[in-house]
Structures are given as C-alpha cells and as structure tokens.
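Participant: This is the structure I have questions about; it appears just below.
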2 protein chains.
Amino acid sequence: MATPTATSRPTPEHIFNTFNAFQQSAALKAGIDLDVFTAIAEGANTTILLAAKTGAAERGVRILCDYLTIHGFLTKEAERYALTQESAVFLNRHSPACLASMADFLGNPWSKKNFEALAEAVRKGGTAGAVGDNTKPNEELWINFARSMAPLAIPAAEFIAGLTGAAKGKPCKVLDIAAGHGMYGVTVAKRNPYAQIVALDWPGVLEVAQENAKKFGVADRYTTRPGSAFEAEFGSGYDFVLLTNIFHHFDAANCEKLMRRVHAALKTGGKAVTVEFVPNEDRVTPPTSAAFSLLMLAGTDSGDAYTFSQYEKMFANAGFVKTTQCPVPDSPQQLLLSEK
Amino acid sequence: MATPTATSRPTPEHIFNTFNAFQQSAALKAGIDLDVFTAIAEGANTTILLAAKTGAAERGVRILCDYLTIHGFLTKEAERYALTQESAVFLNRHSPACLASMADFLGNPWSKKNFEALAEAVRKGGTAGAVGDNTKPNEELWINFARSMAPLAIPAAEFIAGLTGAAKGKPCKVLDIAAGHGMYGVTVAKRNPYAQIVALDWPGVLEVAQENAKKFGVADRYTTRPGSAFEAEFGSGYDFVLLTNIFHHFDAANCEKLMRRVHAALKTGGKAVTVEFVPNEDRVTPPTSAAFSLLMLAGTDSGDAYTFSQYEKMFANAGFVKTTQCPVPDSPQQLLLSEK
C-alpha cells in the first residue's frame with residue numbers, strides 16, 4: 001500500500017501503513033466472521049442489503065467493505081460491492097476451495113502473543129513464549145491446525161498424489177509424518193484405491209485425520225501411529241514418506257535425525273516427499289517463503305525456513321544421495337523429492 | 001506482497017499474507033525497539049556486527065533483518081544490510097525527521113484490543129471497547145499520542161506556518177484546538193515572532209505541549225486552556241483556528257457543533273485550518289486516507305474519515321460559506337481552509 005509521490009523525497013506513508021498492517025489481518029478475519037464474502041456472493045451487494053443479511057450495522061458494514069476493497073478483496077462500483085476472483089474462490093463458503101477456516105489458525109491468540117514479544121525473541125534467538133520445542137507435544141495447537149488448515153493443503157495434496165503415480169493404481173505404502181488434518185495421505189488414497197496410508201501425529205490430532213479419512217471414503221486403508229516423529233515406531237518398506245511442513249519447526253540436527261529415520265523406513269527406491277517454504281539462497285526472495293522464517297523465530301526455539309542448499313546438505317547427511325525440487329502449483333511452496 | 005503467478009488462476013497467497021499482516025507491524029516495532037536502523041546507519045551492517053551492537057542473537061537479527069528487507073525497510077547485498085532512503089530519514093535516530101517514537105502510539109495495546117473485537121464493532125457500528133466517545137476525557141491515550149506522534153506532524157505544521165503568513169511576521173492570534181504535542185501552534189510561533197498561540201486540550205496533554213513550546217523557545221507566547229473542545233471557553237478574535245486531526249473522532253452533528261464554536265471565535269476574515277484524512281467520494285481511494293475509517297470504526301462510537309463534500313456541508317452548516325482543500329506536502333493528508 002506504499003503510495004508513490006510526485007516528489008523524489010521519501011514520505012513516511014509506508015512506515016505509517018506498516019505500523020497499521022495488523023488492521024489488515026483483523027479486517028479480513030472480521031469479513032470472514034461476518035461472512036460478508038458469502039453474503040455478497042448471494043447478491044447482498046450494498047451496505048443496506050449486507051447489513052440486513054449479516055445482522056450488522058450499516059456504518060460498520062460500509063467501513064469494513066470499503067477497507068476490504070482498498071486491500072483488494074472486493075471491488076466497488078457505484079456503491080455496489082462485488083467479489084474479486086480470489087475472494088469468490090477462497091473466501092465464499094459456497095466455493096469448494098474456500099479457505100475461510102484458516103482464520104482460526106493463522107493469527108491465533110498464541111501466535112499473536114508470540115509476536116507481541118518479538119523483540120525479546122530476536123534478543124534470545126528463539127521464541128519468547130513458553131512452548132518453543134516442537135519435538136514435544138502441543139496437542140491444542142495442532143488440533144486447531146488440523147481443523148483449520150485442510151483446505152490450504154489441497155493443491156499440494158493433489159500434486160503429491162499425481163507424483164506418487166496414484167492414477168496408475170498400483171499397490172503403494174505411504175507414511176504420512178505429522179499428518180495433521182491428514183489430507184496429504186487421504187488424497188493419495190482417494191486417487192489410488194490400492195494405496196495404504198499410515199498416519200503419524202499426536203493422538204488428538206490423528207482423530208481429525210481419521211475423520212477426514214472417513215469423510216473421503218478411505219478409512220479402511222488408513223491406519224494411525226500416535227506419537228513423536230522422533231520416537232514412534234515408523235514401520236518399514238514404504239514407497240513414499242510424506243514430510244509436509246514439518247522440518248521448519250526444528251533445527252538442522254533434528255531435521256537430519258528425522259530424515260535418517262525416514263531413510264530407514266523407506267524401501268530401496270522409495271521416496272521422501274517434502275513440502276516446505278524454501279526461500280532462495282539470498283533468504284529474502286520469494287517474499288512469502290522468505291518471510292516464513294519470522295513466524296518460526298517468533299514461535300519456535302530453533303525452527304526456520306531453510307534454503308534448498310540447506311535441505312540438500314541435511315538430507316545428504318541423512319543418507320539421501322540426491323534431492324531435487326520443483327514448485328507446488330498454485331502455492332508459494334516447494335516440493336523436494338529425495339530417493340533412497 | 002501479493003505475488004502474480006504464471007497461471008491466470010487465483011492463488012491464496014494474498015489471503016495468506018493478509019492473515020499474517022500483523023507480523024509486519026510487530027517486525028517494524030521490534031526493529032525500532034532493538035534500534036537496528038540506527039545500528040546499520042552507524043556501520044553495523046552484517047548479522048554478526050548487528051548482533052554485537054544490539055545485544056541480540058545472530059539468528060534473531062538475521063531473520064528480523066531479512067524480513068525487514070522483504071518489506072522494503074532494508075536492502076541486502078552479499079550478506080550486508082543497508083538502509084533504504086525512507087529508513088535513513090524516518091527510522092534512524094540520528095535523523096532529525098526520525099519517526100521511531102510513533103511505534104509507541106500506533107498499535108498500542110488499547111488499539112490492538114479494539115481490533116481483536118472488530119467483528120463486534122462492525123455489528124454495533126461503533127467500537128466494541130469501553131471508551132468510544134472522544135468528547136469525553138481520555139488523558140492516558142492522548143498523553144501517549146502527544147509524546148509519540150510529534151515528528152509525524154512536522155511537515156503539516158511547517159505547511160500551516162507558511163499558510164498563516166508566518167514569514168511576514170505580522171501580529172497574529174492562533175487557537176490550536178486539541179493541540180496534543182502542540183507542534184502545529186509551536187511551529188507557527190517559531191516561524192512568526194509576533195504570533196500568540198492559545199492551546200486547548202486536556203490538562204495532562206497540555207503539559208506535553210508546554211514542554212514543546214519551551215523546547216522551541218516560544219513559551220512566552222504560548223498560553224493554554226484546559227478542557228473540552230465542546231465546552232471550554234475559546235476566547236475570540238482569532239486570526240486562525242487550527243483543527244488538526246480532531247473531526248475524525250466525532251459524528252457529523254458534533255463536528256458541526258465544534259465548527260460553530262470555531263466560527264464564533266474567529267475574527268471576520270479569520271480562517272479555520274483543518275488537517276485530516278480525506279478520502280475521495282468513492283471512499284476507497286487514496287488508500288491511506290480511505291483506510292483510516294476502519295481505525296475510527298474500531299476505536300470510536302461514531303468517528304469517520306469524512307469526504308470533502310461531507311466537510312463542505314458540515315462547515316457550511318456551521319456558518320462557513322466556502323471551504324477549499326489542498327494536499328499537505330509529503331503527507332497523505334489534506335488541508336481544508338474555511339474563511340469567516
């Protein structure tokens with residue numbers, strides 16, 4: 001929202017707007033809580049109609065929708081609001097790709113509190129919060145994650161299913177580590193009727209994954225192993241081990257330790273599939289992946305968004321000779337493939 | 001930070017980044033709290049040097065400075081950070097235009113709490129917080145404002161001083177309503193040795209204004225009137241009445257009421273000088289002024305960022321035949337001039 005000026009002198013507008021950036025998160029959450037995006041999709045496109053539909057005050061709706069327009073989530077013409085293509089797909093509850101539930105996890109009170117103490121985290125070099133060691137259980141947080149973040153995983157889950165050759169329908173044994181909502185493994189099973197999925201996570205989180213396995217009709221090929229990714233028995237002979245958004249929580253030594261266990265669990269020729277925010281070597285591009293490091297500084301003792309060369313080294317130390325990467329379609333994330 | 005993709009399909013990246021936008025406010029505040037901008041200005045331009053200078057951990061400094069680079073507050077080349085032109089002017093404490101103190105007011109806990117309850121404010125059509133009527137005293141908040149926000153006022157204050165013909169050095173009587181830090185009136189007095197300033201605000205706030213009057217050597221021509229802008233005795237015969245960032249706190253009826261009192265206090269030919277965030281009639285441009293409405297929804301019962309036509313009407317109802325506007329240089333704000 002930095003606005004260029006006619007002069008070449010700098011203005012404080014970008015600084016002012018960054019001090020106020022927290023308002024953007026609050027406005028998007030309020031828009032979702034009041035479900036204005038769905039209301040507009042259903043034709044309530046003026047402040048009067050929206051106020052009636054959402055049970056909110058006209059002044060409130062007008063100011064909120066103007067703000068959402070300023071930030072690109074709505075358009076406004078002649079006092080009528082409309083959804084952008086992005087809002088129609090991701091914020092309207094009638095859309096199958098709706099991501100509204102993300103609001104419950106991103107910016108949760110726990111995370112907000114960590115960011116209130118960000119200067120202290122910078123001083124320490126790790127979270128100022130009480131719970132920063134993600135090798136330890138933190139069920140409340142991860143159940144929230146599992147309940148909120150499933151929709152965001154779908155594009156990557158479909159991409160992984162394709163990559164595992166799911167369409168060929170050959171028998172295939174898959175271990176989904178830190179399964180969360182379970183959608184990565186569930187999607188493989190959905191696409192390949194001969195796939196067997198083993199999901200590993202904390203017990204309460206696995207209940208959510210099992211609900212999803214049932215919902216998508218794959219519960220009969222879905223088993224679970226409750227416990228820590230660093231301690232639980234994995235089993236062996238896997239064709240694929242899925243490691244989606246797990247490494248960023250740990251330091252390099254723990255990433256290597258985990259990947260060594262993955263190596264042991266794979267059959268020869270089996271593959272470890274990692275999905276991650278992977279910044280370029282400069283660590284400041286591309287923006288979304290590079291910015292992810294700050295969340296790990298604020299919320300963990302020693303997590304990070306690792307570069308590809310860092311992953312290459314960690315995975316090589318764990319026994320994988322070669323790791324390749326490719327972008328996940330429709331996502332800022334990368335997929336890393338390591339063959340045993 | 002929305003990243004265009006090669007496909008024409010929408011991606012959820014802008015939504016994801018908006019949920020996380022509160023991190024931007026926290027990172028800028030942490031950068032100021034640790035004074036990394038000043039440290040870089042003094043030559044500490046690597047993570048090792050910055051960690052030593054700020055007493056922070058290398059991991060913390062590296063992740064914070066990378067994040068500040070992503071968001072345009074620093075540059076990074078070959079592992080060395082540098083200030084942008086904007087950071088050098090506004091975030092480095094050696095710069096006379098440094099705005100670092102703004103961090104203490106923008107995003108203060110009171111405002112953050114109001115935004116946590118934004119959906120409720122939209123429902124109500126006014127703040128969900130306990131203190132939303134700005135006609136009532138709220139000294140703690142406004143003393144914080146007066147102590148934090150003076151640097152941001154300087155460009156507008158100098159512009160007003162020019163507009164009052166301060167350079168001509170003619171006798172001139174100025175009433176500064178809701179004076180806050182006092183920098184608007186103080187700057188007029190600084191530029192015009194024959195100007196007499198009367199500052200009005202809550203008693204504790206006026207102490208800050210008086211400190212500034214003393215600091216800039218104009219205390220002998222600076223008097224104060226403690227109390228409410230709606231009730232205190234203004235006096236009369238003013239050449240100028242300054243109304244900087246006050247109207248946005250109130251509804252139209254109170255704005256008119258205040259402006260009627262201003263009309264009565266001015267001498268014939270005297271001018272009311274209003275500085276405000278004034279969105280265009282579409283209420284969604286320009287972004288910074290239009291977005292300001294949301295802060296008023298979150299924090300007040302009935303404040304707003306009014307359009308020029310709304311101000312024209314309110315001021316006409318209060319007795320001013322004509323109001324003109326012009327942009328304040330180096331600022332997103334507008335200056336409105338109404339002659340009696």
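The values are calculated or read from the model by the stated rules, or taken from the named source; none is laboratory data. Keep in mind that what you see is a predicted model, and the values were worked out from it rather than measured. Don't worry about glycine lacking a Cβ; one is built from the backbone with ideal geometry, like all the others, and counts go over all protein chains shown. Protein only, heavy atoms only, side chains kept; ligands, DNA and RNA dropped before computing areas. Shrake-Rupley method; radii C 1.70, N 1.55, O 1.52, S 1.80 Å.
Participant: Rank by packing, highest mean first: peptides B:102-113, A:296-307, with packing defined as the count of other Cβ atoms within 10 Å averaged across residues.
Facilitator: A:296-307, B:102-113
Participant: A further question on this structure: Considering only A:TYR238, A:TYR194, A:TYR184, give the residue with the highest GNM mean-square fluctuation for chain A, with springs between Cα atoms whenever their separation is below 10 Å.
Facilitator: Maximum among the listed residues: A:TYR194.
Participant: Take every residue in peptide A:120-129, count the Cβ atoms of other chains within 10 Å of its Cβ, and give the average of those counts.
Facilitator: Average neighbour count from other chains, rounded to a whole number: 6.
Participant: I've got another one for you. For the ranges B:115-124, B:308-317, A:222-231, what's the packing order if you count other beta-carbon atoms within 10 Å of each residue, average per peptide, and put the highest first?
Facilitator: B:115-124, B:308-317, A:222-231
Participant: Further question on the same structure: Hey, any idea what Rg/Rh is for the range B:118-178, computing Rh the Kirkwood way over Cα pairs?
Facilitator: Computed over Cα atoms, the ratio is 1.17.
Participant: Specify, per residue and in Å³, the volume enclosed by the convex hull of the alpha carbon atoms belonging to the protein assembly as shown.
Facilitator: 153
Participant: By its C-alpha gyration tensor, with a ≥ b ≥ c as the square roots of the eigenvalues, how is the range A:33-176 shaped: rounded for a/c under 1.5, else prolate for a/b larger than b/c, else oblate?
Facilitator: Judged from the Cα gyration tensor, the range A:33-176 comes out oblate (a/c at least 1.5, b/c at or above a/b).
Participant: Now a separate question. Can you give the angle from 0 to 90° between the axis of helix B:22-33 and the longest principal axis of chain B, with both taken from C-alpha atoms, to the nearest 10?
Facilitator: On a 0 to 90 degree scale, this one is about 90.
Participant: Leaving out ligands and nucleic acids, note down the accessible area per residue over the range A:72-161 with a 1.4 angstrom probe, in whole Å².
Facilitator: 45
Participant: Take the alpha carbon atoms of the range A:272-302, find their center, do the same for the range B:91-160, and report the distance between the two centers in whole angstrom.
Facilitator: Taking the Cα centre of each part, the range A:272-302 and the range B:91-160 sit 33 Å apart.
Participant: With unit charges on the beta carbons (Lys and Arg positive, Asp and Glu negative) and the dipole taken about the Cα centre of the range B:1-80, which residue among B:HIS14, B:LEU74, B:ILE48 sits farthest to the positive side?
Facilitator: Of the candidates, B:HIS14 comes out farthest on the positive side.
Participant: Only Lys, Arg, Asp and Glu count, each charged at its Cβ (+1, +1, -1, -1), so figure out the dipole size of the protein assembly as shown about its Cα centre, rounded to 20 debye.
Facilitator: Magnitude of the dipole: close to 400 debye.
Participant: Still on this model: Compute the accessible area of each residue in the range A:304-338 twice, once for its chain alone and once with every protein chain present, using a 1.4 Å probe on heavy atoms, and list those whose area falls by at least 10 Å².
Facilitator: Checking the loss per residue gives A:ASP304, A:ASP330, A:PRO332.
Participant: Carbon and sulfur together cover what percent of the accessible area of the range A:199-340 at a 1.4 Å probe radius?
Facilitator: 51
Participant: What net charge do the residues around B:LEU200 carry, taking every other residue with its C-beta under 11 Å from that of B:LEU200, with Lys and Arg at +1 and Asp and Glu at -1?
Facilitator: Taking every other residue near B:LEU200 into account, the sum is -2.
Participant: Restricting to Cα pairs below 8 Å that are 6+ residues apart, what does the relative contact order work out to for the range B:147-301? Please round to a whole percent.
Facilitator: Here the relative contact order equals 19 percent.
Participant: Which residue, chosen from A:PRO171, A:CYS255, B:ALA229, occupies the Cα position most advanced towards the positive end of the dipole of the protein assembly as shown, where the dipole is computed from +1 (Lys, Arg) and -1 (Asp, Glu) charges on Cβ about the Cα centre?
Facilitator: A:PRO171
Participant: Can I ask one more? What number in nm² do you get for the range A:229-270 if you take the convex hull of its Cα atoms and divide its surface by four?
Facilitator: Value for the range A:229-270: 2.9 nm².
Participant: Can you tell me the 0 to 90 degree angle between the C-alpha axis of helix A:308-317 and the longest principal axis of chain A, rounded to 10?
Facilitator: Orientation of helix A:308-317: about 20 degrees from the principal axis.
Participant: Could you state how much accessible area is buried at the B-A interface, both sides summed, with a 1.4 Å probe, in Å² to the nearest 100?
Facilitator: Approximately 7700 Å² gets buried when B meets A.
Participant: Rounded to the nearest 500, what is the protein assembly as shown's calculated 222 nm mean residue ellipticity when only DSSP H runs of at least 4 contribute -39500 (n - 2.57) each, over all residues?
Facilitator: It lands at -13000 deg cm²/dmol.
Participant: Give me the percent of accessible area attributable to carbon and sulfur for the range A:1-143, probe 1.4 angstrom.
Facilitator: 54
Participant: To test your reading of the geometry: what angle, between 0 and 90 degrees and rounded to tens, separates the Cα axis of helix A:252-265 from the longest principal axis of chain A?
Facilitator: Approximately 50 degrees, to the nearest 10.
Participant: What percent antiparallel are the DSSP beta bridges of chain B, to the nearest 5?
Facilitator: So the antiparallel bridges amount to about 40 percent of the total.
Participant: Check each residue of the range B:50-78 and keep those whose accessible area, probe 1.4 Å, is at least 30 Å² smaller with all protein chains in place than in the chain alone; give them in order of residue number.
Facilitator: Output list: B:ALA57, B:ARG59, B:GLY60, B:ARG62, B:ILE63, B:ASP66, B:TYR67, B:ILE70, B:PHE73, B:LYS76.
Participant: OK, next. Once you have the alpha carbon radius of gyration of the range A:149-221, what is it after dividing by 2.2 N^0.38 Å, with N set to its residue count?
Facilitator: Normalised Cα radius of gyration, the range A:149-221: 0.98.
Participant: Distances longer than 21 Å among the Cα atoms of the range A:1-96: what percent of all pairs is that?
Facilitator: The answer is 36 percent, as a whole percent.
Participant: Mind giving me the FRET efficiency for A:GLU77 and B:ASN138? R0 is 30 Å, r the Cβ-Cβ distance, nearest 0.05 is fine.
Facilitator: Using R0 = 30 Å, I get an efficiency of 0.20.
Participant: Give the whole-number value, in cubic angstrom per residue, of the convex hull volume spanned by the C-alpha atoms of chain A.
Facilitator: 160
Participant: Given Cα pairs under 8 Å that are at least 6 residues apart, what percent is the relative contact order of chain A?
Facilitator: Relative contact order, chain A: 13 percent.
Participant: Let me know the mean shielding of B:109-119 by other chains, meaning the per-residue number of their Cβ atoms within 10 Å of its Cβ.
Facilitator: The per-residue average across the peptide is 5.
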